[in-house]
Amino acid sequence: MAELKNDRFLRALLKQPVDVTPVWMMRQAGRYLPEYRATRTRAGSFMDLCKNPELACEVTIQPLERFPLDAAILFSDILTVPDAMGLGLRFAEGEGPIFDRPVRSAADVDRLFVPDPEGELKYVMDAVRTIRRELNGRVPLIGFSGSPWTLATYMVEGGSSKEFAHVKGMLYDQPALMHKLLDVTAQAVTQYLNAQVDAGAQALMIFDTWGGALTPRDYQEFSLRYMTKIVSGLKREADGRKVPVVLFTKGGGQWLESMAEAGADALGLDWTVDIGAARARVGDKVALQGNMDPCVLYASPERIRAEVASILAAYGQGSGHVFNLGHGIHQHVNPEHAAAFVEAVHELSASYHP
Ligand code: 1CP
């Protein structure tokens, strides 16, 4: 494997010294880029794009051709795992994800199985191998998965949800069944992430997009517990280097202390917490990734630069910070504003790494 030419992302996650603060953007490959929309049209549909390793590789690299980002993230989706568990995923145009066979009963949970990452999910591993080869050591490649709780919201609801009526109904009325569902999903996620490491992923991120919808007690029992179990089962070294793990719970700012105990190397932060206060709370336990409000990218390049400056100042001196947005980049953002964001992070952060 080619030597890494830019490893500041991996170094920052391990709190090792860096020259400038590394930066990438959640959903950096996506609809705000005209070249992404063109490739997606060529692929036919979003899932066809995910299932074509050459095209998935192409869109993974597109944002790196525009911006000097410090990491690439596998182009795929968190919902590939429940799809491979037999639920039948499709993306209806303009409606988001739909599962043909949602999980509503004990019999539905019993039917779930742990998919073979090199079987049903081989297209993801092929994409990882293709991207890694194509990157040729330019920047590290991030592999990812959804958290069991976040995947369960889609599996039980049958798609996106605002109220979580069915999944919370199951959690409150049939907690043992919910645990059974989360347990098999956690096994699936562990094997899936380890297979991504074997295929070439150099860091891992777990997206717990809906953990913040839980009560504090239920967050511990139904989300964090399973992420902790996954982290303890992950391969943490490849090619003689550590494979850092990032946990991101959207809306999880109130639980950073317990998240820092989960065994991950870093926590992702949304924009509702002050990153300096977060750093004081987690101490030396973990690095932090985040946390500019993605809507700042709708503002002028001057305003974007000022916001970057204030987040860098809040974090303060030294390594342990990976700059990112607090959630995915929005589809109507002007790519030139994303360019101003990345440039501001690199330029303004040098003085924090003397
Ligand atoms: O029409 C399109 O082109 C599809 C839009 C899209 C894209 C670009 C979807 C559908 N998924 C993705 C890619 C994707 N999804 C990545 C790629 C890598 C990157 O560049 O960052 C990643 C990491 C994800 C992860 C993902 N998918 C999450 C977790 C992160 C987050 O944003 O909170 C979630 C919740 C999903 C589900 C999903 N995928 C797509 C949709 C429309 C949805 C539903 C979102 C919802 O319920 O609100």
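The values are calculated or read from the model by the stated rules, or taken from the named source; none is laboratory data. The structure displayed is predicted, hence computed values, not measured ones. As a convention, Cβ positions derive from the backbone with ideal geometry for all residues, glycine included, and neighbour counts pool all protein chains shown.
Details
- The stretch 58-79 - residue that is part of a loop (DSSP other than H, G, I, E, B) and charged (D, E, K, R) and, of those, nearest to the ligand (Cβ to nearest atom): ASP77
- Per-region count, the stretch 68-126, residues in contact with an Asp or Glu (Cβ under 6 Å, 6 or more places away or on another chain) and at pLDDT below 95: 0
- Among the residues of the stretch 80-104, those that are in contact with a strand residue (DSSP E or B) (Cβ under 7 Å, 6 or more places away or on another chain), aliphatic (A, V, I, L, M) and assigned to a helix (DSSP H, G or I) comprise VAL81, LEU87.
- Filtered residues of the stretch 8-38 (kept if farther than 15 Å from VAL345 by Cβ and crowded, with 20+ Cβ neighbours inside 10 Å): LEU10, ARG11, LEU13, ALA29, GLY30, TYR32, LEU33, TYR36
- Of the criteria (1) of a type in the set (A, V, I, L, M); (2) more than 14 Å from the ligand (Cβ to nearest atom); (3) touching a Phe, Trp or Tyr at 6+ places or on another chain (Cβ under 9 Å); (4) within 19 Å of LEU79 (Cα to Cα), which one LEU193 fails: (2)
- Pairs, first of a type in the set (Asp, Glu) in the stretch 275-300, second surrounded by 21 or more Cβ atoms within 10 Å (Cβ to Cβ) and not in a helix (DSSP H, G or I), C-beta under 8 Å, six or more apart: ASP293/LEU325; ASP293/GLY326
- The residues of the stretch 233-255 that are among the basic types (Lys, Arg) and either within 16 Å of the ligand (Cβ to nearest atom) or at pLDDT below 95 (or both) amount to a single one, LYS250.
- Only strands (runs of 3 or more DSSP E) whose full extent lies in the stretch 256-354 are considered here, and none of them has at least 3 residues that are within 16 Å of the ligand (Cβ to nearest atom) and exposed (fewer than 14 other Cβ atoms within 10 Å of the Cβ).
- Residues being surrounded by fewer than 23 Cβ atoms within 10 Å (Cβ to Cβ) and within 16 Å of the ligand (Cβ to nearest atom) - total across the stretch 158-180: 10
- Boolean, VAL189 is part of a helix (DSSP H, G or I) and in contact with a His (Cβ under 7 Å, 6 or more places away or on another chain): no
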